[in-house]
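In what follows, a structure is listed as structure tokens, so that the remarks can point back to it.
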Amino acid sequence: MIYRRRCSPLHSARAGVGCLYCVALAVAALVLSNPVALVALGLATAGAGWGAGVGREITRAARFALPFATAVAVINALVTRDGLTVILRLGDLPLLGHTDITLEATVNGAILGLRAVVLIMVGALYTAAVDPDQVLRLFRRLSFRSALTATLATRMVPVLIRDSRRLADAQRCRPGRPPSRLALMRAVSGGVLDRALDVAAALEVRGYGAARRPARGHRPPYGRHDLAFVAAAIGIAGLAVTARIAGLSPFSAYPTLRAPAGAVSLIVAAGLIGVAMAPFANRRGLAP
């Protein structure tokens with residue numbers, strides 16, 4: 001998953017604003033536990049992805065996260081001893097001892113898995129819709145060399161991935177049994193040092209070792225897309241924190257389940273989706 005410039009409101013906003021928007025979605029997913037609210041955040045993230053033109057990347061990340069979420073739910077159901085409603089008695093298991101699976105532990109594990117899926121989707125939205133070069137420029141004020149190091153690290157990862165793909169394609173063309181993943185990793189990592197020496201020599205020739213802190217240039221004013229996503233981020237975080245403090249979308253798994261899905265919870269969920277999707281309604285003045 002690599003960032004590509006697209007014609008969308010989120011791509012037109014500043015990198016700092018895009019980071020703030022994604023952080024607000026992640027904070028809401030961490031603060032809220034009601035399954036209705038988490039499903040709403042997942043839909044909001046998916047809608048933001050489609051609004052930004054990266055819906056396929058978000059869908060791919062969600063499919064990748066499903067096995068991980070299933071593992072979280074199963075592990076939580078096996079190792080958690082809380083809950084009063086026993087739905088399955090497994091007896092004595094190696095390492096786990098006497099194991100009774102409860103409904104409360106199963107549902108709580110499913111909630112944790114759902115939260116993990118939402119967080120991975122938010123991470124995919126950040127990766128695909130926020131310019132990494134602009135993000136690194138935000139850290140340039142603190143340390144130019146650290147920003148340069150982070151830039152090289154992020155740029156080298158896709159290069160190594162492309163190298164591994166080319167090696168895999170070349171090895172598949174050879175007759176006989178295909179090589180193992182260990183052999184492929186050994187071949188890719190073997191060229192890392194040579195590539196690092198080449199990059200270091202190029203940077204030394206260009207004088208990066210003696211680079212000074214870059215001068216501050218004129219910063220353009222915030223546009224309407226920036227203001228819209230800032231307002232959306234504040235609205236998402238504020239709505240989530242208010243719902244958590246005021247108990248508008250309550251959820252508790254132990255000792256018994258308590259997850260009301262009344263009108264208030266549905267209003268909170270609809271509010272999260274509406275606030276998250278509002279900045280994508282204005283598509284005028286987009287920079288391709």
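The values are calculated or read from the model by the stated rules, or taken from the named source; none is laboratory data. Please read these numbers as outputs of a predicted model, since none were measured by experiment. Neighbour counts run over all protein chains shown; Cβ positions are idealised from the backbone, glycine included.
Any residue in the stretch 120-127 that is in a helix (DSSP H, G or I) and at pLDDT below 70?
no
Go over the candidates Arg81, Arg63, Arg89 one by one and state the one that is farther than 19 Å from Arg4 by Cβ, among the charged types (D, E, K, R) and part of a strand (DSSP E or B).
Going through Arg81, Arg63, Arg89 in turn, the sole match is Arg89.
Could you check, for the stretch 81-97, whether at least one of its residues is surrounded by 11 or more Cβ atoms within 10 Å (Cβ to Cβ), within 30 Å of Val122 (Cβ to Cβ) and of a type outside the set (Phe, Trp, Tyr)?
Yes, that holds for at least one residue.
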